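What follows is calculated from the coordinates using simple rules that are stated; it is not laboratory data. Keep in mind the model is a prediction, meaning the values are calculated, not measured. All Cβ positions, even for glycine, are placed from backbone atoms using ideal geometry, and neighbour counts span all protein chains on display.
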Amino acid sequence: MTKLTIGVLGLQGAIEEHVKHIHDLGLQSLIIKKTEQLGEVDGLILPGGESTTMRKLIDRYEFFEPLKEFSNQGKPIFGTCAGMVLLAKEITDSNTIHLNLMDISVKRNAFGRQVDSFVTKLDVKNLKQPFNAIFIRAPYIESASENVEILATYDGKIVAAKQDHILVSSFHPELTDDNRFLEIFVNMVKEQKVDMVR
Ligand code: GLN
């Protein structure tokens, strides 16, 4: 069987860190800079960075429709931090809607200035040991529809969730040396691949 290939949208943000994690799990990576490359990957990571900048680049390089199409094919997408903002159907206090692929409403830079960035041990559903979660000017999920599975909360706020083939985290698993959160995504990609050949 050929190795799974996980793409990382390569327009802006923490790209290389995801690539390292993908390799650590023994998988192939592809930094996506052209829309055609989306056809070569089994799953896609939208990295953290700055969602407004990333959206501008998505429009400039005509990624918007190809990304929607990628999702319509049922291919898994994992959004970290700014990537989560891009996937949401709604952003609190804003009329902007980006990809609108997940039934969540997110609040940007939601933990306030005092705690701009922080690290905390987080209990994540299906992970036996807590995960060291790094939050950097992070958003949280203010509300989610019933079909969204909540994977982690911090201070009563949803910070990791899954809906069908889409996974999101407020924090940056790629900035730790713990691959377990990425593994959750890789398992989604594997399951999807099996479904496709059925
Ligand atoms: N605050 C950023 C945004 O809303 C996200 C920060 C991050 O990805 N670390 O786009």
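Key figures for this structure:
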quantity	calculated
Options N100, N147, A110, ranked by Cα towards positive dipole end of the chain, top entry (Cβ charges)	A110
Backbone HN-Hα couplings from phi across region 99-112 [Karplus 6.51/-1.76/1.60, Hz, Gly and Pro as x]	7, 6, 10, 9, 7, 10, 10, 10, 10, 7, 6, 7, 8, x
Built amide H within the under 5 Å cut-off of L122, gap 5+	F131, N132, A133
Cα centroid of region 145-198 to Cα centroid of region 12-56, whole Å	15 Å
Compactness of the chain, expressed as Rg and Dmax over alpha-carbon positions, Å	15.4, 51
Whole-Hz couplings from phi, Karplus 6.51/-1.76/1.60, listed for region 82-91; x for Gly and Pro	4, x, 5, 4, 5, 7, 5, 8, 7, 10
Sorted peptide list for 164-170, 150-156, 130-136, criterion being average Cβ within 10 angstrom, highest first	164-170, 130-136, 150-156
